[in-house]
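What follows is a short report on a single structure.
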Amino acid sequence: MKIKSLLIANRGEIAVRIIETAKKLGIKTYGIKSIKEPNALYLRLVNDVIDFSVSLDEIPEFLDVEKIIDAARTLKIDAIHPGYGFLAENPYFARRCEEENIIFIGPSASAIYKMGNKTIAKQIASKYKVPLLQGSQGNVKSVQEAADIASKIGYPVILKAAAGGGGRGMRIVEKASHLEKMFKMATNEAEKAFGDPSVFIEKYVRNPRHIEFQILGDRQGNYIHLGERECSIQRKHQKLIEESPSIALDENLRKEMGLSAIRIASAVNYYSAGTVEFLLDADKNFFFMEMNTRIQVEHPVTEMVAGIDLIEWQIRIAEGQKLAVVQEDVKLTGWAIECRINAEDVQAGFSPNLGIIEKISYPKGKNIRIDSGVTDYSVITPYFDSMVAKLIVHAETRDKAIAASTAALKKFWIRGIKTTIPFCLAVMDNKKFRKGDFNTSFIEKDMDKLFYNDVEDEMLAAYVAAFDFAAELETNRTTKPDFERGKNISPWVLNKRLKSL
Amino acid sequence: MKLLRSKKGNENDYIAVTPSDAKYVVRNPFSEDLRINGHKQEIKIFEDDEGFTFIEFRNKKYLAEITDKTQNKYVVLLNGVSYSFTIESPISYRRRKYLKKYKQANKLEVVTAPMPGKVLELLVEENARVKEGESILILEAMKMQNEITTQVAGKIRKINVRAGDSVTKDEVLMEIER
């Protein structure tokens, strides 16, 4: 069935991204307006806005299954794209769509359920001979049970939320004495984030690389993988920089891991786009971690090297179309790097930097792609995650991609909030990162300084402050009272004012 | 008074002092004869069509923004990185140095919230002794649980928050006596 209308049950940059492809395919788009972000960019780009801002419900708007289903039914919308986060990996939501004859852009409810439940997912992986880490058979119910298993497999161990993802509800336990506290924190966090306190335990691999494979499957049972993404630049399990391909893989390993990913997907009759995540240890052994049954934040790096539109394929597969390519036809060219531009203050421990984007200007270039959810005067609220945009750069080689990313980051200008741009620049400038010698502990271990600056920067900043102070002093001395109290006046304006006296 | 008798500095000097007491003596900020720490520098400030303020220095452009300013205290964002300064005149700078010398070492350490969030759990009680690096509180921000640790060893003198409280960035959570 051809999809003619699409409800996007998401916000931010991914809503904008989905709108773009829908427009290309001639699909009418609907967006959800929330009271928390009534002037968001995506709402200006959709064909129609569904207003959820009038009532103040207990359930957040993007998580309100029945309200979203109801809106789609009332407006006779063909399909719903959940984006990532929110309801993207909620099997109940996918099933409700199936029941109401609304096309859910993603896999079946049963595939989401099986892969979303880490215990079942691990049983499937083990059945299909995909390497796994030692750990609990299913969830651990008590601290005592966790302690027994941990002493058997040896510390360090990691506690993970069974319903988890995105790094939440995950705790590493270095020794037995920390177990009780960490168990409490992990279950608390799991309960908070996913409404389910269950956790499981597994052996913790020190300093692994995070390698994930993008797969595509259709409803006819055909599968391809589109190579890997390396997402080892993480802070507290939150990815900050991703690239494709990975410098750690050779053709053989790529083939082996890709086939493992496809085996897992086909085991649950998976269709749509999906990602199989692996840990890769220093000896290049890989272990299945989990499968993400949705489009991912970092999907653009794969799109750049594979030259395909993954959202388009999600929609085509949802319509029942067959994959147009077989594995042998998949050609991956060049190197792509994605830098996440988050509204965070790197100098204050990456704390959220809320505020208003007074002005934003993007770098331009043939191989530069910007996926952004904001524009001038967008408000960064505490209600949603802190990512505002992604910078994706594609080049022939890794070295060139790093150089091009550096140049682009230096022309990515934002006024009004602090972002992770200086952090991304510091990574691009790091010797070990440039050499490809890094893993998931890179930020803690291999970065002396979390932000990039040049030796003269402090002096120049001092000059700006001194200039402004002197200019204001001069103004006070020679003119009437300054009713704006010098607030938010750029030194340049003050300078001009002085000259025109 | 000894303090004021010492030789008068150049009245066109503006001294930007960093939190770690490094100083930049900016002389003649508006003139061609700009000097910083005695060296002649060519720096231009200009605004582009889009409304961004830039510094031009040695053929390079730097994005600049004053993000906070209270009297003589400044926070300048240069290429996305914050720098804090106090601007002093030659006289006030000498007074500052003098006062610093005689100021008692502060025995009270305050622990502030590094980010806005909700206090989930207090891990210590008032009057408890804590070691450096010990976790004292769990703060939930953006759905992540963060352990807040103390940078100093000492006695918890006062706890200003309770579990369930929402706090803003830089809000004082606890006071610790060294």
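The values are calculated or read from the model by the stated rules, or taken from the named source; none is laboratory data. This one's a predicted model, so the numbers in the text were calculated from it and none came from an experiment. Positions of Cβ are generated from backbone atoms using ideal geometry, with glycine treated the same way; all protein chains shown enter the neighbour counts.
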Quick one: which strands (runs of 3 or more DSSP E) sit completely within segment B:89-168 and have at least 3 residues that are modelled with pLDDT under 90 and more than 10 Å from chain A (Cβ to nearest Cβ)?
B:108-112
Please specify each residue of segment A:258-273 satisfying the condition of being outside any loop (DSSP other than H, G, I, E, B) and within 22 Å of the chain's Cα centre (by Cα).
A:G258, A:A261, A:A265, A:S272, A:A273
Taking segment B:18-36 and the residues there that are within 9 Å of another protein chain (Cβ to nearest Cβ) and over 13 Å from A:F467 (Cα atoms), the one that is surrounded by the fewest Cβ atoms within 10 Å (Cβ to Cβ) would be B:A22
Within segment A:86-120, of all residues that are at pLDDT 95 or above and of a type in the set (G, A, S), the one surrounded by the fewest Cβ atoms within 10 Å (Cβ to Cβ) is A:S110
I'd like the full set of residues that are under 30 Å from A:E344 (Cα atoms) and among the charged types (D, E, K, R), limited to segment A:192-240.
A:K192, A:D196, A:R206, A:R209, A:E212, A:E228, A:R229, A:E230, A:R235, A:K236, A:K239
Which residues, counting only those in segment A:21-35, are modelled with pLDDT under 95 and surrounded by fewer than 16 Cβ atoms within 10 Å (Cβ to Cβ)?
A:I35
Would you call A:N269 over 20 Å from A:V301 (Cβ atoms), in contact with a strand residue (DSSP E or B) (Cβ under 9 Å, 6 or more places away or on another chain) and touching a residue at least 12 places away in the same chain (Cβ under 8 Å)?
yes
Residues of segment A:33-47 being under 18 Å from A:V388 (Cα atoms) and not basic (K, R), in sequence order, are A:S34, A:E37, A:P38, A:N39, A:A40, A:L41, A:Y42, A:L43, A:L45
Does segment A:91-101 contain any residue that is in contact (Cβ under 8 Å) with a residue 60 or more places away in the chain and within 25 Å of the chain's Cα centre (by Cα)?
no
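Yes/no per residue for (1) surrounded by 14 or more Cβ atoms within 10 Å (Cβ to Cβ); (2) touching an Asp or Glu at 6+ places or on another chain (Cβ under 6 Å); (3) modelled with pLDDT of 95 or more; (4) assigned by TED's automatic domain parsing to the domain that holds A:P382:
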site	(1), (2), (3), (4)
A:A426	yes, no, yes, yes
A:R434	yes, no, yes, yes
A:D437	no, no, yes, yes
A:E472	yes, no, no, no
A:I489	yes, no, no, no
A:L494	yes, no, no, no
Limited to segment A:125-160, what total is found for residues that are within 26 Å of the chain's Cα centre (by Cα) and over 21 Å from A:K181 (Cα atoms)?
5
Mind telling me which of the residues A:Y30, A:Y42, A:Y92, A:Y84 ends up being hydroxyl-bearing (S, T, Y) and either assigned to a loop (DSSP other than H, G, I, E, B) or in contact with a Pro (Cβ under 9 Å, 6 or more places away or on another chain) (or both)?
A:Y84
Taking the condition of being charged (D, E, K, R) and not in a strand (DSSP E or B), how many residues in segment A:148-177 meet it?
4
Helices (runs of 4 or more DSSP H) wholly inside segment A:410-482 that include at least 1 residues being within 14 Å of chain B (Cβ to nearest Cβ):
A:421-429, A:457-478
In segment B:37-66, anything within 8 Å of chain A (Cβ to nearest Cβ) and either among the hydrophobic types (A, V, I, L, M, F, W, C) or under 23 Å from A:L450 (Cβ atoms) (or both) is listed as B:I43, B:I45, B:F46, B:F52, B:I55, B:F57, B:Y62, B:L63, B:A64, B:E65, B:I66
Cβ pairs under 9 Å, 6+ apart, first in segment B:49-69 and among the β-branched types (V, I, T), second surrounded by fewer than 13 Cβ atoms within 10 Å (Cβ to Cβ)
B:I55/B:K44; B:I66/A:N488
May I ask you to verify whether A:L249 is surrounded by 23 or more Cβ atoms within 10 Å (Cβ to Cβ) and either touching a strand residue (DSSP E or B) at 6+ places or on another chain (Cβ under 9 Å) or at pLDDT below 95 (or both)?
no
Within segment A:347-366, residues within 22 Å of A:Q234 (Cα to Cα) and more than 8 Å from chain B (Cβ to nearest Cβ) come out as A:F350, A:N353
When the residues of segment B:70-88 are narrowed to those that are in contact (Cβ under 8 Å) with a residue 60 or more places away in the chain and facing another protein chain (nearest Cβ under 8 Å), which ends up surrounded by the fewest Cβ atoms within 10 Å (Cβ to Cβ)?
B:Y83
Pairs where the first residue, in segment A:128-144, is within 21 Å of A:A190 (Cα to Cα) and the second is among the polar types (S, T, N, Q), C-beta under 6 Å, 6+ apart
A:G138/A:T119; A:N139/A:S198
